[in-house]
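The values are calculated or read from the model by the stated rules, or taken from the named source; none is laboratory data. Here the structure is a predicted model, which is why all the values come from computation and not from measurement. Note that each Cβ is placed from the backbone with ideal geometry, even for glycine, and that neighbours are counted across all protein chains shown. Surface areas here come from the heavy atoms of the whole protein model, side chains and all, with no ligands, DNA or RNA. Shrake-Rupley method; radii C 1.70, N 1.55, O 1.52, S 1.80 Å.
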Amino acid sequence: MNDIITNCKIKNGFGPGVQPAAATSPTKRPLSPDHPNPALPITETPSPAMNRMGWALRTLLVVDNSSCLKDRKVSGKLIRKCAPGTELVDWLVNLAPIVHTRAQAAGMWQALLEEGVLTHVNKEQPFKDKCFLYRFRLDEEGGAPAAGIPQAEDLSAANEHIREALSALFQRGPDATLRMILRKPSHERTPEELELVFEELVHIAALSHLSTSIKRELSSIIVFEAHAQAGTILFNQGDEGRSWYILLKGSVDVVIHGKGTVATLKTGDDFGKLALINDAPRAATIVLKENNCHLLRVDKEHFNRILRDVEANTLRLQEHGKDVLVLERVAKQRGQHSAFKYTVMSGTPAKMLEHLLETRLGQSVSGMDPFLDDFLLTHIVFMPVVQLVDELANYFHCDAHEEAQTPEDREYIINFKKRVIQFMQKWVMAVRHAAFEEPSVCDFIEDLAAEVEADPDLNEETSIIHNVLTQMARYQEDRNQNAGQKWKLPTNGQPICLFSGNATPSKTVIRPDDDIIFRVYCADHTYCTLRFPMHTTAELIKACAADKLQLNRGPDDLCLVEVKSNGERSVFKDNDVSIPTGLTLNGRLFVSVKDHLDALTQLPEQECPTEGVDIDLEILSTKELAYHITIFEWDLFWAVHEYELLYHTFGRHHFGKITANLDVFLRRFNEVQYWIVTELVSTQSLSKRVGLVRKFIKLAAYCKEYQNLNAFFAIVMGLSNMAVTRLHQTWEKIPSKFRKIFQEFEALIDPSRNHRAYRVFVGKLQPPLIPFMPLLLKDMTFAHEGNKTSLDGLVNFEKMHMMAQTMRTIRFCRSRSLGLEPPSPKSEGEVRSYISSFRVIDNQRVLTAMSQKVEPTRKLN
Ligand code: CMP
């Protein structure tokens, strides 16, 4: 008989479940009871209590002479001791004073039926107050010997037990009826039954956020599902998501490959929504932890129709009792690349990586998903490269400790390996050479390549990993070629220039181990000249300078400090790097006794213009100037890596990484701005000044035309400098046409409403373009200072997303190469050398004084 029951159960999807091979590595495919049958029991064997209740009722029925329990012929076959549902209900209503309605009695019989104590003779019907025939399990063929005629002592025992049995059954009846309804197909549920289900759904916490009308819709499609055996796998990690579940009774383990059980979900918890909403594979395997677990299930088609768009906004995934990933539902926006409905708000670095590998990589996903891109651009903030490579290596070798692999395991593992390889490809695409800077990454790529080549299952990935290898080789070749690059911070400020090592100075990236030559002064203005790699810390520079300058003080008494041209001092942290490039235009580096900082004074030369080519600006074509400024600045902009924005914002000392390329680009902005002012206030002749103002307005216009907005801003800001705007005699002579254009330019750089005018303007431009870099840095700082990096121990990924958006702006600006037509071939060299090092005074007080000198303030009579 057990065989019959078992077969039926499996046919109906109520099998005993499959035990996983090991708790950490469940391997079998799920049994999904898609169409539960309310005619069948929900347990493998009845519980002792229900068995005893059934026995007591049968005993009383058998000894009752007027009993409905008779041997009957059904379709020519004799069925022993069976009774129609209607008569069983009659008998129970008469027997038990607590039973007031036929429905209550029917519910009590159903409670026995769902445990298999009572069965429909053909196992086709749940209990119904109708003429269908039912009998006790004890009377079925092969029933236990106790199925005989009861003896006197049996009767007295049954009588003794019956009160308690009836009361227990009375309690169970309504739930059994409800479960029976929930196992019927939608179309068989009557309006009264739907009302019963609805009333039940109102009390389920996992549905509490849903409206009444949605709960009513759910009433007709939500399904009850029971699993008899602990160890049953409901579904496997990597499977397609087909249903969402709510645990009504029992508990389940959430098991993840390589991690084992990460969480246990209990009565009232729900799971399985992630794969449905994201249309992604299951993120974990769900294994029943107890026998007789009860679940409610909503299948994908209904979930999509009824719930997908109204689902709860926040989803929290836990491991070992702690939140590891917080996801938030997003409305899909027009033009949005991602097909995913859940976006990561916060998470542990490792869980975010896992979520990313599982959902954002794989054959079905093409292009670069924003979550993946955000992660690749910002992981250095929360997950150092070494840790990322370690995690990836673990994922790639997740099969190392699993001895016996089923074909399903192998498929899963191969899929995961493919994802790791795709990740490497996207990583290199997103951050280019920066991905190869860490030796551990290069080692990992080489290992991967060897393993991919050796594994026939990874055949298709060979070309991907070879492509990564080629890029790595190119990077290494380029690094070797440019090894030994030297830079110089001239004695008089700008420019930072390359003076040996590279034959083509354009598009030259400053690298951490490039040397830079610079001076360090001490309080009496004596100095030493040092040569150090760019990534040298302030501490080392300080110690070496102190030694050379014979300061004879311990390192703790000393500090490295910049004295700006206006006398301001700014002290470097000991672990700061790329110090010389971080100086302001006319700043000087000093080593000083900490207590004597106030004694530091600027050098007389700091008030003079920086070194530069002396040339008569009037003779240079304005368009040609704009053209060469743009080409020059494009190269500087091109050398800036997106990561430098993060180093700059969080503080390069946190990363120990240089920001030299960004420093140089930012210095250039100030250089252009102060060049405008310096030129104007050092031009004595009024008519020449007028000519210069006109030239600079035209220069701004050309820069705008060339989409060099960094120079455009610098020029307009230079013209708006107080030392220039106060030159009334000059401005009075500027034709109104030029003044009008200048007013339009000023409106464009107007900082109000968060630089709205500029943002609208630049939003319409197509690349290539050079953006106004200080605004991008302001956006980074705003995102950084306005948002914590860590929220309750999780990485605040929203902040990372905000920062990545700004970093992507840079990528967008450079997504097409600059192909400007030169305005004329003549005098190229002269203009080029002129624009690469302007003569600049950056001390506002000096500039204002010079402005006063050329146009003294008019005295009012
Ligand atoms: P889904 O990916 O559809 O299937 C597995 C489910 O396990 C997943 O949805 C979550 O609902 C649930 N789950 C609970 N905790 C975790 C966890 N830490 N990681 C992944 N899934 C989890």
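Under a Cβ-only charge scheme (Lys and Arg +1, Asp and Glu -1), can you give me the dipole magnitude of the chain about the Cα centre, in debye to the nearest 20? Walk me through the numbers before you get to the answer.
Working: 101 positive and 109 negative charges, 628 e Å.
I would put it at about 3020 debye.
Using 24 Å as the Cα-Cα cut-off, could you pick out the over-long pairs in 81/184; 488/623; 184/215; 128/273; 184/341; 486/704? Beyond 24 Å: 81/184; 488/623; 128/273; 184/341; 486/704.
Grab the other residues whose beta carbon is less than 14 angstrom from that of residue 427, score K and R as +1, D and E as -1, and report the net. Here the charged neighbours net out to -3.
Note on segment 204-256 and segment 607-679: Cα centroid distance 60 Å, given to the nearest whole angstrom. Taking 0.36 nm per residue of separation and subtracting the Cα-Cα distance, full extension of the segment from residue 157 to residue 570 would add 139.1 nm. In loop segments of segment 644-742 as defined by DSSP, there are no chymotrypsin sites (Phe, Trp or Tyr not before Pro) with at most 15 further C-beta atoms inside 10 Å of their C-beta.
A 1.4 Å probe run over the protein chains yields, for the chain, 45 Å² of accessible area per residue, whole-number rounding. Straightening the chain between residue 611 and residue 811 buys 68.7 nm, computed as 0.36 nm per residue apart minus the Cα-Cα spacing.
Between residue 845 and residue 266, the distance separating the two model label sites (each 7 Å from Cα on the Cα→Cβ line) works out to 7.0 nm. Dipole check for segment 508-575: with +1 at the C-beta of Lys and Arg, -1 at the C-beta of Asp and Glu, and the Cα centre as origin, the magnitude is about 160 Debye. Classify segment 752-861 as rounded, prolate or oblate, taking a ≥ b ≥ c as the square roots of the eigenvalues of its Cα gyration tensor: rounded when a/c is under 1.5, otherwise prolate if a/b is larger than b/c and oblate if not. It comes out oblate by the Cα gyration axes. Extent of segment 548-617 along its three principal axes (Cα atoms, max minus min coordinate, largest first): 51, 25, 23 Å.
The aspartates and glutamates within cross-link reach of residue 740, meaning a Cα-to-Cα straight distance under 14 Å and a gap of 8 or more places when in the same chain, are 732.
What GluC sites (Glu not before Pro) in segment 643-718 are in a loop by DSSP, with at most 15 other Cβ atoms within 10 Å of the Cβ? Intermediate results must be reported in sequence, preceding the final value.
Values: sites: 644, 671, 679, 705; in loops: none.
Listed in order of number, the matching sites amount to none.
Here residue 777 and residue 249 are evaluated by their C-beta separation; at R0 = 51 Å the FRET efficiency comes out at 0.35. Ranking 659, 617, 646 by how far each Cα lies toward the positive end of the dipole of segment 583-669 (charges on Cβ) leaves 646 at the top. Annotation: amide H of residue 235 within the under-5 Å range of 286, sequence separation 5 or more or interchain, hydrogens built in the peptide plane.
Counting only heavy atoms of the protein chains and using a 1.4 Å probe, residue 345 has close to 30 Å² of accessible surface. Listed by chain and number, the lysines whose alpha-carbon sits under 21 Å from that of residue 594, ignoring those within fewer than 8 places in the same chain, are 542, 548, 564, 573.
Loop only per DSSP, at most 13 neighbouring Cβ atoms within 10 Å: give me the trypsin sites (Lys or Arg not before Pro) in segment 753-794, ordered by residue number.
Values: sites: 753, 756, 759, 764, 778, 788; in loops: 764, 788.
In loop regions of segment 753-794 (DSSP not H, G, I, E or B), the sparsely surrounded trypsin sites (Lys or Arg not before Pro) are 764, 788.
Listed by chain and number, the aspartates and glutamates placed with their C-alpha closer than 13 angstrom to that of residue 788 are 798; residues fewer than eight positions away on the same chain are left out. Remark: the residue 688-residue 765 segment gains 24.2 nm on full extension, using 0.36 nm per residue and subtracting the alpha carbon distance.
Between rounded, prolate and oblate, where does the chain land on the alpha carbon gyration tensor, with a ≥ b ≥ c its root eigenvalues, rounded for a/c under 1.5, else prolate if a/b exceeds b/c?
Details: a/c = 3.49, a/b = 2.85, b/c = 1.22.
Because a/c hits 1.5 or more and a/b exceeds b/c, the chain counts as prolate.
Helix 773-786 and the longest principal axis of the C-alpha atoms of the chain enclose an angle of approximately 40°. Quick check: from the Cα gyration tensor, does segment 687-727 come out rounded (a/c under 1.5), prolate or oblate? Note, shape of segment 687-727 comes out oblate. In this simple spin-label model, placing a label point 7 Å from the Cα along the Cα-to-Cβ direction at both residue 149 and residue 94 gives a separation of 2.1 nm. When the chain is described by a simple charge dipole with +1 on each Lys and Arg Cβ and -1 on each Asp and Glu Cβ, the residue from 819, 274, 133 located farthest towards its positive end is 819. The simple spin-label model puts a point 7 Å past each Cα toward its Cβ; for residue 438 and residue 188 those points are separated by 5.8 nm. Considering the zone a paramagnetic label at residue 529 would reach in this model (a point 7 Å from Cα along the Cα-to-Cβ line), which residues of segment 462-494 have amide N under 19 Å from it? From segment 462-494, the list is 485-494. Of the residues 720, 674, 741, the one whose Cα sits farthest towards the positive end of the charge dipole of segment 667-745 is 741 (charges of +1 on Lys and Arg Cβ, -1 on Asp and Glu Cβ, taken about the Cα centre).
Treat every Asp and Glu Cβ in segment 750-861 as -1 and every Lys and Arg Cβ as +1, leave all other atoms uncharged, and give the resulting dipole magnitude about the Cα centre to the nearest 20 debye. Could you put the intermediate results ahead of the total?
On the way: 18 positive and 10 negative charges, 56 e Å.
Dipole about the Cα centre, nearest 20: 260 debye.
Which whole-angstrom value gives the distance between the alpha carbon centres of segment 423-446 and segment 78-140? Between the Cα centre of segment 423-446 and that of segment 78-140, the gap is 70 Å.
The share of accessible area on the chain that comes from carbon and sulfur is 51 percent, using a 1.4 angstrom probe.
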